[in-house]
Every structure is written in C-alpha cells, then in structure tokens.
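The values are calculated or read from the model by the stated rules, or taken from the named source; none is laboratory data. These numbers come from a predicted model, not from an experiment. Every residue, glycine among them, receives a Cβ derived from its backbone with ideal geometry; neighbour counts consider all protein chains shown. For accessibility, only protein heavy atoms count, side chains too; no ligands or nucleic acids. Shrake-Rupley method; radii C 1.70, N 1.55, O 1.52, S 1.80 Å.
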Amino acid sequence: MPSLRTALLQSSGRPGAVAENLKTLDEAAARAADAGARLLVAPELFLTGYAIGDAVPELAEPAEGPGARAIAEIAVRHGLAVHYGYPERDGERIFNASQLIGADGVRLANYRKTHLFGCFEREWFTPGEQTVVQAELDGLRIGLLICYDVEFPENVRAHALAGTDLLLVPTAQMHPFQFVAESVVPVRAFESQMYVAYVNRTGPEGEFEFVGLSCLAGPDGVVRTRAGRGEELVIGEVDPEFLTASRAANPYLADRRPGLYGSLA
C-alpha cells in the first residue's frame, strides 16, 4: 500500500471572514495537490476563525451547510481529501466540530469535540459525546479528534483499540502550552502506535497567541515534518508498511492488562 502524502496547513486565516478562509484553503489545496498530497488538514475552527466571540451563533452552520459544500468543491477541484474545523449548528446546540471530505466531494466523517477547553469554548459550545469517529481513506483508517481531546491519553488509546492508523487533530494550541505540540503529541503517537497529524493556528487572535509548531508524528515517536511559528504548509508521509512493522515491534497494545484498569474510568 503506498504512503498517504499529507499536507498540514498552519494558518489562522481571517477570523470572521468565511469567504477569505475558503480562498486560503483553496490556495493551500492547489499547492498541496501540486506536491502530490492526497490529504490536506486545516486547523481547529478554520472555516470561521477561533476567537470570534459572540459571532459564533451567526457563523455556525449544519454539517452539510454552505461551508461544507464549498470545501467539497475545493476537494474535487484539486483531487484530494480535506479535513477542516468549523462551528456546527444542530438545532439550538452548537458544537466545535471538524469534518473530513473525500477527494470526490463526499462527506466521510464529522466529529464533535468532546473535551472543551477554557471559558470561551464552554460558553458557546456543547461537548460531543462520541469518542471515536473514523473514516476510510486510501486504505487507511482515519480517526478524528480536536485539540484538547488529544491531551487525554484515554481518547487516543480508544482510537488505537479501534484500529485508527492516522489521527487528525486540528488545534488552536496557544501560549504557553507549546510543550503539547513539542512533546505530548509525539508521545501519543508512540504509545498508541499510530500517526498523528496535529495542525495548529498561528499568531495573535483576540486574547489568544497561537504557537504554530504543527507536526506529523510517527508511531516511533519521531516527527516526520514540523512547521515553525508562522503561516506555513508542510507535507509528510504516512507509511502503512512502516506502521505495520512498528506495531509488530512495539508491545504496548499487546501487553496491556485491561482487567487492572477498570478503576481508572
């Protein structure tokens, strides 16, 4: 099975300007496709911006809304899958969500963030209730989490036990928590034997300062590609053969003793 070339778009776009953010995504998709990527991953709430305050209800849309349709057109135009974050409206509730759209424009998976971070998110969003959301892409099992979710090892281990090969984590990682991008994410990839694509916003936005440092970490804990602190598109390979070999060599999942862990939950 060939590697899945994966592009990470590190950008904050323009908060509150959906049309501008779609243009940025379209341009990144063109560059990613030219580089041979089959998947483009954008940050948390990329469609609308993160620090949009009381504009959240106005900019939130259903999973099949106009933003999704526009991104489906981008995916088809450039021949690659696109994963992006957005505020999802479902009746009276709004979720911090992310969605994976295939290269054929078909929506493959939608995930709602289960662990909300800070006062801003808890004010505007309802936490999701489904821990493991997956889709198949180019022969790989793709899993979805968002930002703070990946900092809970239980979430990533649940994905490992469900067979996730590549975990997509759009994020809005802010100062002074850059150690998550630098250290926690590669450890999560190693201890649960999967690839993790952690894709961050960058620069000042409202009261927040996003730290960038997006990365693709492998099951050996080694970062395959890493962005700096600014706007950037970086590309890395998700190698199924290496993943199979790493899982065979690493005993973590096989050596688990679930009967001892009941009290942890």
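Could you identify the single residue in ALA68, ALA72 that is farther than 25 Å from LEU213 by Cα, without any contact (Cβ under 8 Å) to a residue 60 or more places away in the chain and open to solvent by less than 10 Å² (accessible area, probe 1.4 Å)?
The conditions single out ALA68.
Quick test of your reading of the structure: ALA68 fulfils all but one of (1) assigned to a helix (DSSP H, G or I); (2) hydrophobic (A, V, I, L, M, F, W, C); (3) farther than 23 Å from THR126 by Cβ. Name the failing condition by number.
For ALA68, the exception is condition (3).
Can you name the condition, by its number, that ASN21 falls short on among (1) under 12 Å from TYR86 (Cα atoms); (2) assigned to a loop (DSSP other than H, G, I, E, B)?
ASN21 satisfies all of (1) under 12 Å from TYR86 (Cα atoms); (2) assigned to a loop (DSSP other than H, G, I, E, B) except (2).
If you scan the range 26-41, which residues turn out to be in contact with a helix residue (DSSP H, G or I) (Cβ under 6 Å, 6 or more places away or on another chain), within 24 Å of LEU59 (Cα to Cα) and not in a strand (DSSP E or B)?
Of everything in the range 26-41, those that are in contact with a helix residue (DSSP H, G or I) (Cβ under 6 Å, 6 or more places away or on another chain), within 24 Å of LEU59 (Cα to Cα) and not in a strand (DSSP E or B) turn out to be ASP26, ALA29.
Matching residues to (1) at pLDDT below 95; (2) open to solvent by less than 20 Å² (accessible area, probe 1.4 Å):
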{"position": "ARG157", "(1), (2)": "no, no"}
{"position": "THR164", "(1), (2)": "no, yes"}
{"position": "ALA172", "(1), (2)": "no, yes"}
{"position": "SER183", "(1), (2)": "no, no"}
{"position": "PHE190", "(1), (2)": "no, no"}
{"position": "VAL199", "(1), (2)": "no, yes"}
{"position": "GLY206", "(1), (2)": "yes, no"}
{"position": "ALA217", "(1), (2)": "no, yes"}
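Sort out for me the strands (runs of 3 or more DSSP E) sitting completely within the range 77-160 that have 2 or more residues that are within 24 Å of ASP26 (Cβ to Cβ) and of a type in the set (Ser, Thr, Tyr).
81-90
Residues checked against (1) among the hydrophobic types (A, V, I, L, M, F, W, C); (2) touching a residue at least 40 places away in the same chain (Cβ under 8 Å); (3) closer than 20 Å to LEU168 by Cα; (4) touching a Leu at 6+ places or on another chain (Cβ under 6 Å):
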| position | (1), (2), (3), (4) |
| --- | --- |
| SER3 | no, yes, yes, no |
| LEU8 | yes, yes, yes, no |
| PRO15 | no, yes, no, no |
| LEU22 | yes, yes, yes, no |
| LEU25 | yes, yes, yes, no |
| ALA29 | yes, yes, yes, yes |
| ALA32 | yes, yes, yes, yes |
| GLY49 | no, yes, yes, no |
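If you take the residues of the range 75-120 that are of a type in the set (Asp, Glu) and open to solvent by 50 Å² or more (accessible area, probe 1.4 Å), which of them is farthest from ALA37 (Cα to Cα)?
GLU92
Output the qualifying pairs, or none if there are none: Cβ atoms under 9 angstrom, residues six or more apart or on different chains, first residue in the range 96-109 and on the phi > 0 side of the Ramachandran plot, second residue basic (Lys, Arg) and open to solvent by 10 Å² or more (accessible area, probe 1.4 Å).
Listed by first residue and then by second, the contacts come to GLY105/ARG69.
Which condition number does ARG256 fail, the rest of (1) surrounded by fewer than 16 Cβ atoms within 10 Å (Cβ to Cβ); (2) modelled with pLDDT of 95 or more being met?
Every condition holds for ARG256 apart from (2).
Exactly one of these conditions fails for ILE142: (1) in contact (Cβ under 8 Å) with a residue 40 or more places away in the chain; (2) of a type outside the set (Ser, Thr, Tyr); (3) touching a helix residue (DSSP H, G or I) at 6+ places or on another chain (Cβ under 9 Å). Give me its number.
Looking at each condition in turn, ILE142 falls short on (3).
Got at least one residue in the range 224-243 being in a strand (DSSP E or B), open to solvent by 10 Å² or more (accessible area, probe 1.4 Å), touching a residue at least 40 places away in the same chain (Cβ under 8 Å) and acidic (Asp, Glu)?
Within the range 224-243, one or more residues are in a strand (DSSP E or B), open to solvent by 10 Å² or more (accessible area, probe 1.4 Å), touching a residue at least 40 places away in the same chain (Cβ under 8 Å) and acidic (Asp, Glu).
From GLY16, GLY49, which residue is open to solvent by less than 30 Å² (accessible area, probe 1.4 Å), in a loop (DSSP other than H, G, I, E, B) and touching a Gly at 6+ places or on another chain (Cβ under 7 Å)?
Of the residues listed, the single one that is open to solvent by less than 30 Å² (accessible area, probe 1.4 Å), in a loop (DSSP other than H, G, I, E, B) and touching a Gly at 6+ places or on another chain (Cβ under 7 Å) is GLY49.
Would you call GLU44 touching a Cys at 6+ places or on another chain (Cβ under 7 Å), open to solvent by less than 10 Å² (accessible area, probe 1.4 Å) and closer than 30 Å to GLU207 by Cα?
The answer is yes for GLU44.
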